[in-house]
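Chemist: Following this message is one structure expressed as structure tokens.
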Amino acid sequence: MNSERKPGFATLAVHAGQEPDPTTGAIMTPVFMTSTYVQEAPAKTKGYDYSRSHNPTRTALERNLAALEGGRHGLAFASGMAAIHCVLNLLQSGDHVIAGNDLYGGTYRLLRTLYAKFGLETTFVDLTDLGQLEAAFRPSTRLVMLETPTNPLLRCCDLAAIAARCRQRGVLSMADNTFATPWLQNPLALGCDIVAHSTTKYLGGHSDVVGGALIVDDDALHQKLMHFQNSCGGTPGPMDCFLVLRGTKTLHVRMQRHCENAMAVARWLEADPRVARVIYPGLPSHANHALAMRQMRAGGGMVSVELRASVEQAKQVCSSVRVFSLAESLGGVESLVDHPASMTHASIPAEERRRAGLADGLIRLSVGIEDGDDLIADLDRALRILK
Ligand SMILES: *Cc1c(COP(=O)(O)O)cnc(C)c1O
């Protein structure tokens with residue numbers, strides 16, 4: 001690539017980390033289905049000795065993801081949870097973590113059911129309130145874990161302000177950027193130390209692979225994380241790396257369409273009397289709209305909707321869609337609908353769920369890249385059961 005000009009996001013998405021295969025000229029990075037590598041002499045390698053430690057397909061993906069997040073180092077994992085688990089390995093017994101109070105359920109579970117028993121203490125706070133963050137710091141605090149926008153209420157917290165408060169105290173900050181993607185927002189540029197991703201979602205983008213990633217800028221931090229990546233072994237296979245790498249080539253194009261469709265769906269829903277509330281960071285009615293527009297390029301592909309509906313009615317709406325599919329997960333090209341009260345958040349008791357803002361009639365849409373008009377027509381038809 002031309003060194004006089006810093007390549008833009010789209011050029012990086014298509015090319016970063018990838019060179020034509022030197023032996024054949026293959027333009028696509030080969031899927032290196034190998035566990036080991038022949039050495040010319042003991043310990044004389046071409047940079048690869050065993051595929052848990054390194055694999056060329058994974059190297060290409062790690063470099064590509066690093067470039068997209070504007071960091072120097074990428075690390076790929078077998079799942080988003082394996083990536084987040086790797087970050088927690090930086091800590092030790094007696095350390096304190098501050099985490100958002102509406103973190104991804106799997107991250108919450110990892111902190112509460114695994115790390116708690118090793119003596120790691122976690123305080124869960126509303127990170128949209130900087131006062132709560134400030135009050136939670138202790139001398140033993142080592143890490144702040146955040147997500148923005150969150151799931152499923154799409155609350156946005158101030159990446160730059162949180163990162164600055166962590167830096168002042170020498171505390172690491174980790175931003176799970178799964179919902180926003182690097183096309184919309186770059187936490188490293190705003191001062192965060194670690195970006196985490198479930199590449200299962202928008203980065204893979206086609207609902208055909210489970211994966212995770214970490215991106216950091218700091219060399220020493222990268223060395224530590226790489227040590228745990230190799231020690232714990234939660235690394236992805238080469239085929240999975242290939243699929244994510246194919247996904248990131250079109251990330252910018254898909255995200256534009258996801259955002260466009262999500263905005264159209266959100267606007268249409270907001271004008272509908274069967275809807276009590278639309279939650280979408282791109283709408284001026286969103287509680288953190290100004291902040292979201294400051295740190296994100298657009299509103300993203302996720303829309304949450306509070307229907308004027310009971311649990312049963314909301315379930316019925318979710319079962320009557322035809323273009324949308326009823327499923328967990330998000331970020332693929334196809335549109336999905338989820339009913340948190342009976343699916344992703346069903347394990348939370350009803351009262352507690354309502355107190356946390358998860359109304360019985362709340363549905364979460366992962367708006368895909370189909371024709372926006374078809375998505376709206378599908379919702380319109382499914383909502384007819386409400387009247
Ligand atoms: C899905 C998800 C994860 C977990 O990723 P897996 O690939 O399912 O392990 C973590 N954080 C967020 C925000 C997610 O949406």
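The values are calculated or read from the model by the stated rules, or taken from the named source; none is laboratory data. Every value quoted in this text rests on a predicted model; they were computed, and no experiment measured them. Cβ: placed from backbone, ideal geometry, glycine included. Neighbour counts: every protein chain shown. Only protein heavy atoms, including side chains, enter the accessible area calculation; ligands, DNA and RNA are left aside. Shrake-Rupley method; radii C 1.70, N 1.55, O 1.52, S 1.80 Å.
Chemist: I'd like the orientation of helix 372-382 relative to the chain: the angle between its Cα long axis and the longest Cα principal axis, in ° from 0 to 90, rounded to 10.
Modeler: So the helix axis and the longest Cα principal axis differ by about 50 degrees.
Chemist: Assuming 0.692 mPa s and 37 °C, estimate D for the range 251-385 with Stokes-Einstein, Rh taken as the Kirkwood radius over Cα pairs, in µm²/s.
Modeler: Working: Rh = 14.9 Å.
Answer from the Stokes-Einstein relation: 220 µm²/s.
Chemist: Something else now. Top mean-square fluctuation among 270, 121, 352, Gaussian network model of the chain, C-alpha springs under 10 Å?
Modeler: Result for the chain, Cα springs under 10 Å: 352 fluctuates most.
Chemist: Based on the mean of other Cβ atoms within 10 Å per residue, sort peptides 6-19, 297-310 so the most packed one is first. Walk me through the intermediate numbers first.
Modeler: Numbers: 6-19: 15.6, 297-310: 23.4.
In decreasing order of mean packing, 6-19, 297-310 become 297-310, 6-19.
Chemist: Straight-line reach from residue 117: which lysines have Cα under 27 Å away, leaving out those fewer than 8 places along the same chain?
Modeler: Within the straight-line cut-off, residue 117 pairs with 224.
Chemist: Angle check, please: helix 219-232 long axis (alpha carbons) against the longest principal axis of the chain (alpha carbons), in degrees 0 to 90, nearest 10.
Modeler: Helix 219-232 and the main axis of the chain meet at about 80 degrees.
Chemist: Let me ask something else about it. Among all the lysines, which ones have a C-alpha under 16 Å from residue 201's C-alpha, if same-chain residues fewer than 8 places away are not counted?
Modeler: Filter leaves 249.
Chemist: Here's a follow-up. Nearest 10 degrees, 0 to 90: what angle lies between the long axis of helix 311-320 and the longest principal axis of the chain (Cα atoms)?
Modeler: Once rounded, one gets 70 degrees.
Chemist: Based on the mean of other Cβ atoms within 10 Å per residue, sort peptides 58-71, 358-371, 41-54 so the most packed one is first. Working shown, then result.
Modeler: Numbers: 58-71: 24.1, 358-371: 22.6, 41-54: 11.8.
In descending order of packing, they fall as 58-71, 358-371, 41-54.
Chemist: How many angstrom lie between the Cα centre of the range 187-263 and the Cα centre of the range 319-333?
Modeler: Centre-to-centre distance over Cα atoms comes out at 22 Å.
Chemist: Give the accessible surface of the chain per residue, rounded to a whole number of Å², with probe radius 1.4 Å and ligands, DNA and RNA excluded. If you can, show how the numbers build up before the last one.
Modeler: Values: 16850 Å² over 387 residues.
Computed with neighbouring chains in place, this is 44 Å² per residue.
Chemist: In whole Hz and in residue order, list the ³J(HN,Hα) couplings for the range 121-132 that follow from phi through the Karplus curve 6.51 cos²θ - 1.76 cosθ + 1.60, θ = phi - 60°; x for Gly and Pro.
Modeler: 9, 10, 10, 9, 10, 7, 6, 7, 10, 5, x, 5
Chemist: When each pair of different Cα atoms in the chain is counted once in the 1/r mean, what is the Kirkwood radius in angstroms, to one decimal? Walk me through the numbers on the way to the answer.
Modeler: Numbers: mean 1/r = 0.0461 Å⁻¹.
Final number for the Kirkwood radius of the chain is 21.7 Å.
Chemist: May I ask you to list the lysines whose Cα is less than 16 Å away from that of residue 315, ignoring any residue fewer than eight positions away on the same chain?
Modeler: 387
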